[in-house]
Amino acid sequence: MSERVHRYQEAMAALDFDAIGALRHPDYQCYYPQSGERFMSHADWVEAHRGYESHFVNEDVAGSTVKGGERRAEVTRLASPTFLPTAPIVQISDTGDLVTMEGKATWPDGKVYHWIRVVEYRDHLVWRETEYFAEPFDPPDWRAPFVQIENR
């Protein structure tokens, strides 16, 4: 994982809004395609997340991996813009100015959601983020002969 991704994740885990802002491009935007929401600036993102009172808990972090190229590292807890610092990141692919992160978090109602964050860099700063949130579903019976079911 590159130093810039590491610094960004550290700031996110601490919910250090100033440090996060220092790592974001002046033209920063964040988009949630499933709800259609787009934060048009770091300041808007901060205001939407500053008072976020729902706490996401996921104790299933042992053995989670952060991956960038061939490098892997064990993680405990890291944050995403929507999940407070208890959402584990299970994989990061860091190639040039495009970084993808995968993780999962437990919502306050107990449902576990998988998420993907796509981060685009410009001038070595976080320029655009797009986040997807997906609830697990049971696979259809007809696919059973063709797949192996993994822990979700």
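The values are calculated or read from the model by the stated rules, or taken from the named source; none is laboratory data. Because the structure is a prediction, the values reported are computed rather than measured. Cβ coordinates were reconstructed from backbone atoms using ideal geometry, including for glycine residues, and neighbour counts include every protein chain displayed. When the accessible area is computed, the model is the full protein with side chains, heavy atoms only, and any ligands, DNA or RNA have been set aside. Shrake-Rupley method; radii C 1.70, N 1.55, O 1.52, S 1.80 Å.
Any idea which residue in region 117-152 is surrounded by the most Cβ atoms within 10 Å (Cβ to Cβ), counting only those that are outside any loop (DSSP other than H, G, I, E, B) and over 17 Å from the mean Cα position of the chain (by Cα)? Quick ask: steps written out before the conclusion?
Narrowing region 117-152 to residues outside any loop (DSSP other than H, G, I, E, B): 117-122, 125-134, 141-146.
Next, only the ones that are over 17 Å from the mean Cα position of the chain (by Cα) stay: 122, 141-146.
On the way: R122: 13, D141: 7, W142: 7, R143: 9, A144: 10, P145: 6, F146: 6.
Here the answer is R122.
If you go through region 49-65 one residue at a time, do you hit one that is at pLDDT below 75, out of contact with any His (no Cβ under 9 Å at 6 or more places or on another chain) and part of a strand (DSSP E or B)? Full working, then the answer.
Step one: list which residues in region 49-65 are at pLDDT below 75, which gives 51-65.
Retained after the next criterion (residues that are out of contact with any His (no Cβ under 9 Å at 6 or more places or on another chain)): 51-65.
So of that shortlist, the ones also part of a strand (DSSP E or B) come out as 65.
Yes - at least one qualifying residue is present in region 49-65.
Select, from P33, P88, the only residue that is over 15 Å from V126 (Cβ atoms), in contact with a strand residue (DSSP E or B) (Cβ under 8 Å, 6 or more places away or on another chain), surrounded by 16 or more Cβ atoms within 10 Å (Cβ to Cβ) and modelled with pLDDT of 55 or more.
Details: P33 fails: surrounded by 16 or more Cβ atoms within 10 Å (Cβ to Cβ).
P88 is the lone residue from the list that is over 15 Å from V126 (Cβ atoms), in contact with a strand residue (DSSP E or B) (Cβ under 8 Å, 6 or more places away or on another chain), surrounded by 16 or more Cβ atoms within 10 Å (Cβ to Cβ) and modelled with pLDDT of 55 or more.
Pairs linking a residue in region 28-52 that is of a type in the set (D, E) to a residue that is open to solvent by 50 Å² or more (accessible area, probe 1.4 Å), with Cβ atoms under 8 Å and 6 or more positions apart or on different chains, are E37/Y31. Applying the criterion of being modelled with pLDDT of 90 or more and among the hydrophobic types (A, V, I, L, M, F, W, C) to the residues of region 117-143, the residue that is farthest from A11 (Cα to Cα) is W142. Name the pairs whose Cβ atoms lie under 8 Å apart, with the first residue in region 127-150 and among the acidic types (D, E), the second assigned to a loop (DSSP other than H, G, I, E, B) and surrounded by 10 or more Cβ atoms within 10 Å (Cβ to Cβ), and 6 or more positions between them or separate chains? So the pair list comes out as E129/P81; E131/S80; E131/P81; E131/T82; E135/K111. Could you grab me the full set of residues in region 91-116 that are closer than 19 Å to R7 by Cβ, part of a strand (DSSP E or B) and modelled with pLDDT of 70 or more? Residues satisfying the conditions are I92, S93, D94, T95, L98, V99, T100, M101, G103.
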